[in-house]
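Here the structure comes first, spelled out in structure tokens, and everything after it is commentary.
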Amino acid sequence: MFTRSQSLRDYHTFGLAAEARYFVSVRSTAGLKAVLTSAVGRENPLLFLGGGSNTVFTRDFDGLVVHLNAKGKRVVGARGNSVFVRAQAGEDWHELVCWTLQQGFGGLENLSLIPGRVGAAPIQNIGAYGVALEDVFHELSALEIATNEIKTFARSDCCFGYRDSVFKGELKGRYVILSVVFRLTRADHRIRTSYGAISDELQRRGITDPSIQALSRVVVAIRQRQLPNPKVLGNSGSFFKNPVVSAQRFEALKARYPDIPSYPISPQKHKLAAAWLIERAGWKGCRKGDVGMYAKQALVMVNHGGAIGTEVLELARAMQADIHEKYGIELDAEVELH
Ligand SMILES: Cc1cc2nc3c(=O)[nH]c(=O)nc-3n(C[C@H](O)[C@H](O)[C@H](O)COP(=O)(O)OP(=O)(O)OC[C@H]3O[C@@H](n4cnc5c(N)ncnc54)[C@H](O)[C@@H]3O)c2cc1C
């Protein structure tokens, strides 16, 4: 059942050479429960893994990596214009998006081509092009590790925030997400095209009234143009979060840098573009050893082939210190560093 000294290189999209002391793949809730109650499951630090696209293994993991592979997706209900779809944690995210679009269900189109699996999506409330998972979330079921009991979490239980949820905060490491139910639309879809890159691409293609499927194709095209394919160049997407600052702090920065991009998220808070800060500080396209920042997207750290964990950590720390010195802003990692 358990593999010893398993290489994790092929289990995370950054592709670093690291090993797990123990590794196991699970395909069902019964299998997961058996793993968690086994001696290896009880006696070792645990790490749950989906597609490994938000996880960077900078060193060996001295514990048990549980690879979550339960598959399945189906319609579980409908009410008015809403349709409810349940997907198991091990489903590939983009395959789920494509399947819902084939059924004519709206809601996930702006989230097309995000790597990873369904189970990890609520953890950081994945988002792209003006839509976040919380906009289409209905509920999830999760297994409590300490008790082996299954609990249902409604939207309000998840405390979703920008790339954040209760599973990254007070419940971190306490639950394994088993499945997620999405609330999608059957007709009269809410088409969200206000995000700059999307409206530009639609205009370029001469599309004025896009279908959900056309919008998905536009999102896929933009992403393929701007982001490195992890199968070709190892990466974990945005390495840092966009920093959120007070309105006062933002005004001070705006006085110094009149062209600083920002998105007001409340009267008191502004989200800044980490990519702009990084590019302006001269890090875009840089390379140190076998790690660097992607030449077309300043926020994406890439593995040029033979990167090692210490190189990743050193580059991340050097950038954080420099951004702090230049702008007085703390850059927090969006990826999970191990
Ligand atoms: C090229 C690229 C582009 C990206 N673009 C975006 C984007 O536009 N928007 C965005 O939000 N993210 C983006 N990401 C980040 C990533 O795709 C998401 O965070 C995704 O949800 C991670 O899924 P995963 O299955 O790969 O997670 P993993 O890396 O396997 O896991 C992430 C975290 O969740 C935990 N975890 C995983 N599954 C479970 C589970 N079932 N129960 C409990 N804990 C679990 C893990 O322990 C880990 O802490 C991008 C990544 C890449 C490589």
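The values are calculated or read from the model by the stated rules, or taken from the named source; none is laboratory data. Keep in mind that what you see is a predicted model, and the values were worked out from it rather than measured. Counting neighbours? That spans all protein chains shown, and the Cβs are built from the backbone with ideal geometry, glycine included. These accessible areas exclude ligands, DNA and RNA; they are computed on the full protein's heavy atoms, side chains included. Shrake-Rupley method; radii C 1.70, N 1.55, O 1.52, S 1.80 Å.
Structure summary
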| read-out | value |
| --- | --- |
| Total residues in the stretch 109-120, condition of a type in the set (G, A, S), part of a loop (DSSP other than H, G, I, E, B) and within 18 Å of Y11 (Cβ to Cβ) | 1 |
| When residues of the stretch 147-176 are limited to those that are small (G, A, S) and free of Cβ contacts under 8 Å to residues at least 60 places away in the same chain, the one nearest to R86 (Cα to Cα) | A154 |
| Leading residue by the ranking (surrounded by the most Cβ atoms within 10 Å (Cβ to Cβ)) among those in the stretch 83-97 that are touching a residue at least 40 places away in the same chain (Cβ under 8 Å) and not in a strand (DSSP E or B) | A89 |
| Only one of L215, L184 that is crowded, with 17+ Cβ neighbours inside 10 Å, of a type in the set (A, V, I, L, M, F, W, C) and in contact with a strand residue (DSSP E or B) (Cβ under 8 Å, 6 or more places away or on another chain) | L184 |
| Residue match in the stretch 45-68 (condition: surrounded by fewer than 21 Cβ atoms within 10 Å (Cβ to Cβ) and without any contact (Cβ under 8 Å) to a residue 40 or more places away in the chain) | yes |
| Set V245, V218: member being at pLDDT below 95, of a type in the set (A, V, I, L, M) and in contact with a Lys or Arg (Cβ under 9 Å, 6 or more places away or on another chain) | V245 |
| Enumerated helices (runs of 4 or more DSSP H) restricted to the stretch 238-338, each holding at least 2 residues that are among the charged types (D, E, K, R) and within 28 Å of T13 (Cβ to Cβ) | 274-280, 309-327 |
| Single residue of the stretch 228-252 satisfying the filter (surrounded by fewer than 17 Cβ atoms within 10 Å (Cβ to Cβ) and over 18 Å from the mean Cα position of the chain (by Cα)) that is nearest to the ligand (Cβ to nearest atom) | V232 |
| Matching residues, the stretch 318-338, being open to solvent by 40 Å² or more (accessible area, probe 1.4 Å) and touching an Asp or Glu at 6+ places or on another chain (Cβ under 9 Å) | Q320, H324 |
